[in-house]
1. For the stretch 243-350, which GluC sites (Glu not before Pro) are both in a DSSP coil and crowded by at most 15 other Cβ atoms within 10 Å?
2. Among DSSP beta bridges whose residues both lie in the chain, state the antiparallel percentage, nearest 5.
3. With the cut-off at 1.5 for a/c, could you classify the stretch 1-87 from its C-alpha gyration tensor as rounded, prolate or oblate?
4. Return the single residue from LEU175, LEU27, LEU300 with maximal mean-square fluctuation; model: Gaussian network over the chain, springs between Cα atoms under 10 Å.
5. Just the number, please: carbon plus sulfur as a percent of the accessible area of the stretch 97-238, 1.4 Å probe, no ligands or DNA/RNA counted.
6. I need the Kirkwood Rh of the stretch 239-349: take the reciprocal of the average 1/r across all distinct C-alpha pairs and report it in angstrom.
7. Might you report the magnitude of the Cβ-based charge dipole of the stretch 186-248 about its Cα centre, with Lys and Arg at +1 and Asp and Glu at -1, to the nearest 20 debye?
8. Label the chain by shape, choosing from rounded, prolate and oblate, from the square roots a ≥ b ≥ c of the eigenvalues of the Cα gyration tensor; if a/c is under 1.5 it is rounded, and otherwise prolate applies when a/b is larger than b/c, oblate when it is not.
Amino acid sequence: MNATPFLDLRHIRKEFGGFTALADINLEIGRGDFVCFLGPSGCGKTTLLRIIAGLEVQTRGQILQDGRDISLLPPALRDYGIVFQSYALFPNLSVADNVAYGLVNRKTPRAEIRQRVTELVKLVGLPGSENKFPGQLSGGQQQRIALARALATSPGLLLLDEPLSALDALERIRLRQEIRALQQKLGVTTIMVTHDQEEALSVADRIVVMNHGVIEQVGTPMEVYREPATPFVADFVGKVNVLPARRVDGELHLGSLRLPSEGSDGDVRVYMRPEDVLARPIAPGDLHVFDACIDKIEFLGSFCHVHVASPALGAHKLTVYLSLNFLSEQSLQVGSTVTLKLLPERVKVF
Ligand code: ATP
């Protein structure tokens with residue numbers, strides 16, 4: 001990152017008693033970026049977000065926001081809005097009073113508050129809802145109001161702690177698109193914690209993949225998906241086939257297949273995305289082609305997850321994505337043989 005980062009985390013460490021929740025986190029976030037902290041339960045993503053918010057104090061390390069050292073500032077003196085997983089609206093306050101909460105604390109004039117609240121509820125797609133109470137709103141609507149409340153003071157930083165995880169699947173997709181559109185419109189630097197890789201891939205400018213208190217990789221969604229830095233990232237982000245292989249004289253021996261491969265000789269693990277094993281186009285003379293027997297077909301609509309086994313791969317099984325059209329055109333079913341081709345340039349070796 002060339003420009004001065006908007007948020008700069010330096011050597012953040014967090015211990016709970018003898019347990020290290022965050023080891024040594026270094027991360028720069030650019031102004032206006034939408035960043036997702038992605039990782040499995042317990043990896044430390046919420047702890048990191050709470051440290052940025054001042055809701056948790058780091059054991060060691062420094063945080064700079066917009067050039068200011070905020071490492072030891074209490075939450076009230078930091079410049080952020082936050083939305084939590086559970087709606088966390090005040091149930092006894094109207095939508096208007098919930099949204100106005102931060103503005104009242106700042107002693108904003110009443111007329112200005114009223115105008116800002118009207119503007120905000122409209123911005124989150126709930127115009128006219130000012131007099132309702134949280135209990136009269138759906139989960140998704142409550143999160144929209146929580147978002148309006150978080151944005152009310154026009155903070156420099158928007159923090160979202162799994163804001164979508166309590167919603168049903170359709171509402172989750174709808175709201176994540178709305179949040180992204182709103183974030184782009186306002187240009188507010190945003191961090192969202194999620195354990196849902198699809199969510200992170202679909203909204204983030206950059207994804208911070210975390211595991212056991214360390215950052216495994218920081219990259220654009222395309223980078224972490226296509227160029228995973230570690231086996232963990234390859235495995236956690238997207239589906240992947242993992243097969244044992246051996247590298248001999250710059251050639252990968254994968255079952256009876258031979259693929260070009262750089263690196264030192266020895267036993268390795270090969271990571272292949274299901275979409276990088278093709279059933280077409282395959283032309284006569286193509287390399288890295290093999291026959292496989294269909295073991296199982298998982299019907300998922302227009303695409304199916306097809307599990308195959310092939311003598312060419314030894315005893316190892318593979319999942320590939322085949323279109324329903326292709327399966328019916330070729331009359332493929334469980335027990336059928338399908339010809340497949342590997343794309344060696346897409347194969348990752350660790
Ligand atoms: P989840 O999605 O389950 O919330 P996470 O990645 O956000 O997971 P954190 O909540 O940051 O994980 O927790 C990281 C680790 O620190 C976990 O092992 C958790 O048990 C531990 N931890 C978090 N808060 C505390 C605390 N207050 N006291 C002791 N241990 C804690």
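1. On the way: sites: GLU251, GLU262, GLU275, GLU298, GLU329, GLU345; in loops: GLU262.
Within the stretch 243-350, the qualifying GluC sites (Glu not before Pro) (loop, at most 15 other Cβ atoms within 10 Å) are GLU262.
2. Values: 55 of 73 bridges.
Taking every DSSP beta bridge within the chain, about 75 percent pair in antiparallel fashion.
3. Values: a/c = 1.34, a/b = 1.26, b/c = 1.07.
Since a/c stays below 1.5, the shape of the stretch 1-87 is classed as rounded.
4. Of LEU175, LEU27, LEU300, the most mobile in the Gaussian network model is LEU300.
5. Working: 3260 of 6450 Å².
That fraction is 51 percent.
6. On the way: mean 1/r = 0.0697 Å⁻¹.
Result for the stretch 239-349 stands at 14.3 Å.
7. Values: 5 positive and 8 negative charges, 72 e Å.
About 340 debye.
8. On the way: a/c = 3.05, a/b = 1.81, b/c = 1.69.
Since a/c reaches 1.5 and a/b is larger than b/c, the shape of the chain is classed as prolate.
The values are calculated or read from the model by the stated rules, or taken from the named source; none is laboratory data. All values reported here derive from a predicted model rather than from experimental measurement. Methodologically, a virtual Cβ is constructed for each residue, glycine included, from the backbone with ideal geometry; neighbour enumeration extends over all protein chains shown. Side chains are part of the model used for accessible areas, which takes the heavy atoms of the whole protein and leaves out ligands, DNA and RNA. Shrake-Rupley method; radii C 1.70, N 1.55, O 1.52, S 1.80 Å.
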